[in-house]
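Trainee: Below is the structure I would like to discuss, written out as structure tokens.
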Amino acid sequence: MVNAKAVEKALDWRNLRLLDQFISPLGRIQPKRTNRIPRRLQRKVAKQIKVARQMGLMSYTQKLPGFQKEYGGYTSASGAR
């Protein structure tokens, strides 16, 4: 469980370590029932994540290492990488 007061005090779009706690392995914003934070704070967290994504500090999606290893990455129709 996350301390809501500590999160609210440290919440900023430049604080990537904090924001990364609220992102799933696939890069989606986790719902508030998973985070166990109040609704108002969840909205603030989501807004800061979106700002960080627009500024280019966070990616919109995550690529899992297992997916890349299992499928070998992207190959074009011509076979060139």
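Here, each number is a calculation from the coordinates, and none is a lab measurement. Please read these numbers as outputs of a predicted model, since none were measured by experiment.
Trainee: Fully extended, how many nm does the chain gain between Asp20 and Asn3 (0.36 nm per residue separation, minus their Cα-Cα distance)?
Mentor: Values: separation 17, 0.36 × 17 = 6.12 nm, distance 1.53 nm.
That works out to 4.6 nm of additional length.
Trainee: Computed over the Cα atoms of the stretch 4-71, what is the convex hull's projected area averaged over all directions, in nm²? It would help to have the intermediate numbers written out before the result.
Mentor: Numbers: hull surface 19.6 nm².
Mean shadow area of the hull around the Cα atoms is 4.9 nm².
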